[in-house]
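Have a look at the structure below before the remarks.
The values are calculated or read from the model by the stated rules, or taken from the named source; none is laboratory data. Model, not experiment: these values are computed from the prediction. Here the Cβ is made from the backbone with ideal geometry for all residues, glycine too, and neighbour counts use every protein chain on show. Each accessible area value is taken on the protein alone, full model and side chains, heavy atoms only, with ligands, DNA and RNA left out. Shrake-Rupley method; radii C 1.70, N 1.55, O 1.52, S 1.80 Å.
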Amino acid sequence: PVFHAARIPDVATARHAIATGKLDMVGMTRAHLADPHITAKVMAGQEHRIRPCVGATYCLDRIYEGGEALCIHNAATGREATLPHDIPPAPRPAHVVVVGAGPAGLEAARVAGERGHRVTVFEAAGQAGGQVNLLTQLPRRRELIGIIDWRLAELERLGVTVHYNRFADESDVLALSPDVVVVATGGVPQMPDMAGADLAISTWDILSGAAKPTGRVIVYDDGGAHAGMAAAEMLARAGAEVELISPERFFAPDMGGMNHVPYMRAFHETGTRITINTRVTAAARAGNGLAVTLGSDFAPAFAPVRQVDHL
């Protein structure tokens, strides 16, 4: 018998592998972390409602580095003692208004709907997804859109109303006389506290395609997670000469080791330069480019460390 247990995330793929004789048994570990009710849903004819594993590898990062098996879009996984997978109905129905249809807003709407509440969602953009729509612009992370698609399907099943292209203000919300209001409007890019910050562009600009710088580019990442890394990879894959600079003692400290690997592969393949323990302190126009001043948190008297002209 042939047993396979690596990256078969959905029942359809597992069924095909067995039906065509490629495998005798399929282990779907991460798929069950995302949805422990896979078997029950298949037996009930609700295969379309299975919460998909989206390949984020957050679960493995948390297992190896935090000692807990969690899931990027199933908050109950690993917390079953205090946060059960089955959502009980509320004692009485209410009207819940959610402002923002990113992952947090959609999850709030879904849980409220499962509780039996009437739910209305306002979204300023023309589609749901929020920042997930940015991170999925990196080709190898496109599968993460399942975080949004699954919730939208669940909201449709629950009868939740979603209004797009509605920048909801106080009057819009109060006009519905809600019992509960959830504000899930997310954040905006935070530019570094430095002279000339207005000359920089954000990771949102890069990932959305609004800006496509070429030539020599500095990516200054003082966030330590996926945003800076994804922007650097996207730029490098597009042919830019990238230097990733971080004030941390190693880059992207808020990202787990399993996710570190594909980024590092991309950086080595593209010749991306990585500079740590260094802070960008200023930027100024210099000819057709920028003069970027670099400093040290450890020896500030010796700053600036160097200046680099980037086009």
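In this structure, Thr29 and Glu156 have a Cβ-Cβ separation that, at R0 = 30 Å, corresponds to a calculated FRET efficiency of about 0.55.
Heavy-atom surface analysis with a 1.4 Å probe gives the range 151-257 a carbon and sulfur content of 51 percent of its accessible area.
By definition, a body whose alpha carbon gyration tensor gives a ≥ b ≥ c is oblate when a/c is 1.5 or more and a/b is not larger than b/c, and the range 51-157 fits this oblate description. Highest-first packing order for the peptide set 48-58, 4-14 is 48-58, 4-14, based on the mean count of other beta carbon atoms within 10 Å. Between Asn277 and Gln127, the distance separating the two model label sites (each 7 Å from Cα on the Cα→Cβ line) works out to 4.4 nm. Think of a 1.4 Å ball rolled over the protein heavy atoms: the range 89-221 then has 53 Å² of accessible area per residue. With N the number of residues in the range 204-311, Rg(Cα) / (2.2 N^0.38 Å) evaluates to 1.05.
Inter-part distance, the range 169-189 to the range 77-134, computed on C-alpha centroids, equals 13 Å. With 0.36 nm allotted per residue and the present C-alpha distance subtracted, the Leu176-Phe3 stretch has 56.8 nm of extension available.
When ranked by the protection proxy of mean other Cβ atoms within 10 Å per residue, highest first, what sequence do the peptides 223-229, 164-170, 269-275 form?
Working: 223-229: 20.4, 164-170: 12.7, 269-275: 15.4.
Highest to lowest by the protection proxy: 223-229, 269-275, 164-170.
Restricting attention to the chain, close to 35% of DSSP beta bridges with both partner residues there are antiparallel.
Our estimate of slack between Lys22 and Glu68, defined as 0.36 nm per intervening residue step minus the Cα-Cα distance, is 13.3 nm. Amide H contacts for Val121 (H built 1.01 Å from N in the peptide plane; partners 5 or more residues away or on another chain; cut-off under 5 Å): Val98, Thr161, Val162, His163. Of Thr120, Thr203, the order by accessible heavy-atom surface (1.4 Å probe, DNA, RNA and ligands excluded), from most exposed downward, is Thr203, Thr120.
Size estimate for the chain follows the Kirkwood approach: the inverse of mean 1/r over distinct Cα pairs works out to 22.2 Å. Only beta bridges with both residues in the range 205-311 are counted; by DSSP, about 60 percent of them are antiparallel. Pairs of Cα atoms nearer than 8 Å and 6+ residues apart set the relative contact order; for the range 78-151 it is 29 percent.
Calculated FRET efficiency, Leu199 to His85, Cβ-Cβ distance, R0 = 35 Å: about 0.15 to the nearest 0.05. Apolar share of the accessible surface for the range 93-137: 53 percent from carbon plus sulfur atoms, 1.4 Å probe.
Within the range 1-80, the ratio Rg/Rh, alpha carbon atoms throughout and Rh by Kirkwood, equals 1.00.
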